[in-house]
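Colleague: Sharing a structure, written as structure tokens. Questions coming.
The values are calculated or read from the model by the stated rules, or taken from the named source; none is laboratory data. These numbers come from a predicted model, not from an experiment. For neighbour counting, all protein chains shown are included, and Cβ atoms are generated from backbone atoms with ideal geometry for every residue, glycine included.
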Amino acid sequence: MSLASKRKVISRRLFQSIPVIVLATFIVFGLLKLVPGDVAVTLAGDNASDERIAEIRHIYGLDRSFLVQYGSWLWKAIHGDLSASLVSSEPVITSIARCLPHTLLIVALAMIMALVIGIPLGIAAASKPGSWLDGFVMAIASLGVAVPNFWLGMLMVAFFSLTLNWLPATGAVPLTEDPWGALSHAILPACALASGGIAEVARQLRSSLVEILSSQQVRTLHAKGLSPSSILWRHGLKNVSVNLLTVISLLANRMLAATVVVEAVFAIPGMGSLIVNGAIHRDFPVVQGVVFSMVLIVVTLNLVTDVLYSVLDPRIA
């Protein structure tokens, strides 16, 4: 694929992502307005006068119309200003910069686990379809899909942290300050998050490989005398690479969403905890800032996936 074609794909995908970002933030902004309670009353205190409450509404722009509030926020966000927290007065971008690395570390470890374990399991199952190995792998995969992340996380805390005292049960450490400490805190959350991912990768890869290996093209390769291992590695995996990339992309997006629950179980100060606390306290700028940053991450992942599609299969554009 030529450089000009890649630029064309990137430009088109970026243009298509703009409505997604605007729509996602608009919907969240509207839903926050429907949450019961008045943030101005919360900020002013229970015994505040009506004049004080009205003053706070005016200071934070809460007395303006919905569209004006959203338009003002979006204009500032485009220019890199995500406002400040209504509760702590800390700039939202500072809170995100502090919490985002914890979430990304957990998701990255979980993705590595899902691929390192899931791909060999899928290949092993597809190499002997219908065998006891295939049945065993599929049973493990079904179990991984069925077990909730939060329940598995609590079991891991009880066994590896409280019983064996191998790994920390809660909290997080910045990767830049203590790399090993950060990894040790992230291992259990990543394992809990990766359980469903391992199952998904194994099942999807096994299904795609079985379909490819039973095709007429592969039967012709067998007739030409190619060994089964050569067919599997040189032809089977190459043909399922696009499908596998789709699974990886969707899995990464789902893991980003699932970190909300996992971070709550392990008391990790990541993006999930930040958005939950923001929603509880009706801290609109924090929730909007987190949603905006997460949407940008998802859009970036999808953009990278689209470019890789074109690299793996030039017919896709």
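Colleague: Take the residues in the range 87-111 that are part of a helix (DSSP H, G or I), in contact (Cβ under 8 Å) with a residue 40 or more places away in the chain and among the β-branched types (Val, Ile, Thr), then tell me which one is surrounded by the fewest Cβ atoms within 10 Å (Cβ to Cβ).
Modeller: Ile93
Colleague: Got at least one residue in the range 293-307 being of a type in the set (D, E, K, R), touching a Lys or Arg at 6+ places or on another chain (Cβ under 7 Å) and either in contact (Cβ under 8 Å) with a residue 12 or more places away in the chain or under 20 Å from Ala97 (Cβ atoms) (or both)?
Modeller: Looking through the range 293-307, at least one residue is of a type in the set (D, E, K, R), touching a Lys or Arg at 6+ places or on another chain (Cβ under 7 Å) and either in contact (Cβ under 8 Å) with a residue 12 or more places away in the chain or under 20 Å from Ala97 (Cβ atoms) (or both).
Colleague: Next question, about the same structure. From the list Arg254, Arg315, pick out the single residue that is basic (Lys, Arg), surrounded by fewer than 19 Cβ atoms within 10 Å (Cβ to Cβ) and at pLDDT 85 or above. It would help to see each step written out before you state the result.
Modeller: Numbers: Arg315 fails: at pLDDT 85 or above.
Being basic (Lys, Arg), surrounded by fewer than 19 Cβ atoms within 10 Å (Cβ to Cβ) and at pLDDT 85 or above holds for just one of Arg254, Arg315, which is Arg254.
Colleague: Next question, about the same structure. Look at Ile123 and say whether it is surrounded by 18 or more Cβ atoms within 10 Å (Cβ to Cβ) and either in the same structural domain as Trp73 (by TED's automatic domain parsing) or in contact with a helix residue (DSSP H, G or I) (Cβ under 6 Å, 6 or more places away or on another chain) (or both).
Modeller: On the way: surrounded by 18 or more Cβ atoms within 10 Å (Cβ to Cβ): yes; either in the same structural domain as Trp73 (by TED's automatic domain parsing) or in contact with a helix residue (DSSP H, G or I) (Cβ under 6 Å, 6 or more places away or on another chain) (or both): no.
Judged against the criteria, Ile123 is not a match.
Colleague: Next question. Determine whether Phe284 is of a type in the set (Phe, Trp, Tyr) and either within 14 Å of the chain's Cα centre (by Cα) or more than 24 Å from Trp75 (Cα to Cα) (or both).
Modeller: Considered against the rule, which asks whether it is of a type in the set (Phe, Trp, Tyr) and either within 14 Å of the chain's Cα centre (by Cα) or more than 24 Å from Trp75 (Cα to Cα) (or both), Phe284 comes out as no.
Colleague: Is there any pair with a first residue in the range 59-76 that is farther than 16 Å from Val39 by Cα and a second that is surrounded by 17 or more Cβ atoms within 10 Å (Cβ to Cβ) and among the hydroxyl-bearing types (Ser, Thr, Tyr) whose Cβ atoms are under 9 Å apart and which are 6 or more apart or on different chains, and what are they?
Modeller: Here the result reads Tyr70/Thr25; Trp73/Thr25; Trp73/Ser83; Leu74/Thr25; Lys76/Ser83, each pair linking the range 59-76 to a residue that is surrounded by 17 or more Cβ atoms within 10 Å (Cβ to Cβ) and among the hydroxyl-bearing types (Ser, Thr, Tyr).
Colleague: Can you tell me how many residues within the range 31-53 are farther than 18 Å from Ser85 by Cα and in contact with a helix residue (DSSP H, G or I) (Cβ under 8 Å, 6 or more places away or on another chain)?
Modeller: Here the count works out to 2.
Colleague: Within the group Ser85, Ser131, which residue is polar (S, T, N, Q) and under 27 Å from the mean Cα position of the chain (by Cα)? If you could, list the steps in order and put the result at the bottom.
Modeller: Working: Ser131 fails: under 27 Å from the mean Cα position of the chain (by Cα).
Just a single option satisfies the conditions, and that option is Ser85.
Colleague: Say we look at the range 20-58 and pick out the residues that are part of a helix (DSSP H, G or I) and surrounded by fewer than 10 Cβ atoms within 10 Å (Cβ to Cβ); which of these is modelled with the highest pLDDT?
Modeller: Only one residue fits best here, namely Glu51.
Colleague: Quick one: in the range 118-147, of everything that is in a loop (DSSP other than H, G, I, E, B) and either of a type in the set (Lys, Arg) or in contact with a Gly (Cβ under 9 Å, 6 or more places away or on another chain) (or both), which residue is nearest to Cys99 (Cα to Cα)?
Modeller: If we take residues in the range 118-147 being in a loop (DSSP other than H, G, I, E, B) and either of a type in the set (Lys, Arg) or in contact with a Gly (Cβ under 9 Å, 6 or more places away or on another chain) (or both), then Val147 is nearest to Cys99 (Cα to Cα).
Colleague: Report every pair of residues separated by at least 6 positions or lying on different chains whose Cβ atoms are under 9 Å apart, first residue within the range 209-220 and over 15 Å from Asn243 (Cα atoms), second at pLDDT below 70 and part of a helix (DSSP H, G or I).
Modeller: Listed pairs, sorted by first residue: Gln217/His235; Val218/Ile231; Val218/His235; Val218/Gly236.
Colleague: Could you say which residue among Gly61, Gly80 is surrounded by 11 or more Cβ atoms within 10 Å (Cβ to Cβ), assigned by TED's automatic domain parsing to the domain that holds Gly30 and part of a loop (DSSP other than H, G, I, E, B)?
Modeller: Gly61
Colleague: Can you name every residue in the range 115-165 that is among the acidic types (Asp, Glu) and under 20 Å from Leu193 (Cβ atoms)?
Modeller: Result: no residue meets the conditions.
Colleague: Counting only residues that are surrounded by fewer than 20 Cβ atoms within 10 Å (Cβ to Cβ) and closer than 21 Å to Met255 by Cβ, how many does the range 175-195 have? Break it down into steps so the answer makes sense when it comes.
Modeller: First, pick out the residues of the range 175-195 that are surrounded by fewer than 20 Cβ atoms within 10 Å (Cβ to Cβ): 175-184, 187.
If we keep only those that are closer than 21 Å to Met255 by Cβ as well, we get 175, 182-184, 187.
Matching residues across the range 175-195 total 5.
Colleague: A follow-up question, please. So is Ala114 under 19 Å from Val247 (Cβ atoms) and modelled with pLDDT of 80 or more or not?
Modeller: Criteria met by Ala114.
Colleague: Residue under question is Trp166, and the condition is that it be over 30 Å from Ile21 (Cβ atoms), among the aromatic types (Phe, Trp, Tyr) and not in a helix (DSSP H, G or I); does it hold?
Modeller: yes
Rundown of residues vs (1) aromatic (Phe, Trp, Tyr); (2) in contact with a strand residue (DSSP E or B) (Cβ under 6 Å, 6 or more places away or on another chain); (3) at pLDDT below 85; (4) farther than 18 Å from Thr103 by Cα, yes/no style:
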site: Asn149; (1), (2), (3), (4): no, no, yes, no
site: Leu152; (1), (2), (3), (4): no, no, yes, yes
site: Thr176; (1), (2), (3), (4): no, no, yes, no
site: His185; (1), (2), (3), (4): no, no, no, no
